[in-house]
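What follows is a single structure, written as structure tokens, with notes after it.
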Amino acid sequence: MTRKVLVTGANKGIGKQIAREMGKAGWIVLIGARDERRGLETARELKKEGIEAVYLNIDLQNQATILAAADTIESRHADLAMLINNAAIPGDMRKPGFEFTVDELRSVMETNFFGPFELTRRLLPVLEKTGGRIVNITIPIGASGFFNPFAYKTSKAALNVMTQSLGQNFKQAGKPLEIFAIMPGATTTDLNGNSTGKNFKTTGEAGQLIAGIILDGKNHNGEVVNHDGQTADYNR
């Protein structure tokens, strides 16, 4: 049976590569993106590669688009079996945390946490019926002198808590749902200004890594999985 997956931020970067890898594995891919032109272009590009892809407008800072997308999925794609929350914005990655305004922080949190939470919440009835999975793309949140983007890290910390907490909720309620997060590691993308360096991955490599963990046949409910396959322990 053909399965369907929604990937947010799938019009470029890691999200596009995740969509490609899932499509190559036989999944029908819903391309979630706020940029209609890029979203449609990506769907057409993947179709040329033999991947069944459909564009779906989702702007995580616009709740109306989240509700409309959920309604569309419920009516046209009720067999959706996976949601991959990939879309994110960086905020100012160089600005010290004490220089951020609340509005600047709120904007990043809206896209990287509140939006994904609301999309997840709205799609739970569909995913519960299909025994679905929710995958959050995230980063390490520990202190680091090398990588310390305040707003971005704060938003991903909230996403990690959502992953672990909902995982416990699903298990305790006996729901046929699985939620976990994947940290692909340093990757050269538009989000970080196409930064490069030792051990940096290409988006293609990151997409393959993420798809590999998703399709490894294991239950990762409540886990935040590092790029090396190890589970992060934030309880220490």
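Of note:
- Of everything in the range 154-188 that is out of contact with any Leu (no Cβ under 7 Å at 6 or more places or on another chain) and at pLDDT below 95, the residue that is nearest to A81 (Cα to Cα) is M183.
- Strands (runs of 3 or more DSSP E) lying entirely in the range 1-102 (those with 2 or more residues that are over 25 Å from I139 (Cβ atoms) and not polar (S, T, N, Q)): 53-57, 80-85
- Odd one out for P90 among (1) surrounded by 16 or more Cβ atoms within 10 Å (Cβ to Cβ); (2) over 11 Å from the mean Cα position of the chain (by Cα); (3) under 30 Å from R3 (Cβ atoms): (3)
- Tabulated pairs, the range 97-108, first small (G, A, S), second assigned to a helix (DSSP H, G or I), C-beta under 7 angstrom, 6+ apart or interchain: G97/F150
- K47 passes every criterion in (1) touching a Leu at 6+ places or on another chain (Cβ under 9 Å); (2) surrounded by fewer than 21 Cβ atoms within 10 Å (Cβ to Cβ); (3) farther than 17 Å from P116 by Cα apart from (1).
- On inspection, G142 passes the criterion of being farther than 17 Å from L191 by Cα and not in a helix (DSSP H, G or I).
- The sole residue among D79, D71 that is more than 24 Å from G207 (Cβ to Cβ) and either touching a Leu at 6+ places or on another chain (Cβ under 7 Å) or surrounded by fewer than 17 Cβ atoms within 10 Å (Cβ to Cβ) (or both) is D71.
- The set of residues in the range 95-115 that are among the hydroxyl-bearing types (S, T, Y) and under 20 Å from V161 (Cα atoms) comprises S107, T111.
- From R122, R76, residue being over 25 Å from L209 (Cα atoms), among the charged types (D, E, K, R) and touching a helix residue (DSSP H, G or I) at 6+ places or on another chain (Cβ under 6 Å): R122
- Just one of (1) modelled with pLDDT under 95; (2) crowded, with 18+ Cβ neighbours inside 10 Å; (3) closer than 23 Å to R20 by Cα fails for I141. It is (3).
- Scanning the range 32-52 for any residue that is under 13 Å from L6 (Cα atoms), free of Cβ contacts under 8 Å to residues at least 60 places away in the same chain and touching a His at 6+ places or on another chain (Cβ under 9 Å) turns up nothing.
- With respect to the stated conditions, A211 is modelled with pLDDT of 95 or more, within 17 Å of the chain's Cα centre (by Cα) and within 22 Å of K4 (Cα to Cα).
- Criterion: of a type outside the set (A, V, I, L, M), on the phi > 0 side of the Ramachandran plot and crowded, with 23+ Cβ neighbours inside 10 Å - qualifying residue of G13, G9: G9
The values are calculated or read from the model by the stated rules, or taken from the named source; none is laboratory data. Because the structure is a prediction, the values reported are computed rather than measured. FYI the Cβ positions are ideal-geometry reconstructions off the backbone, even for glycines, and counts take in every protein chain you see.
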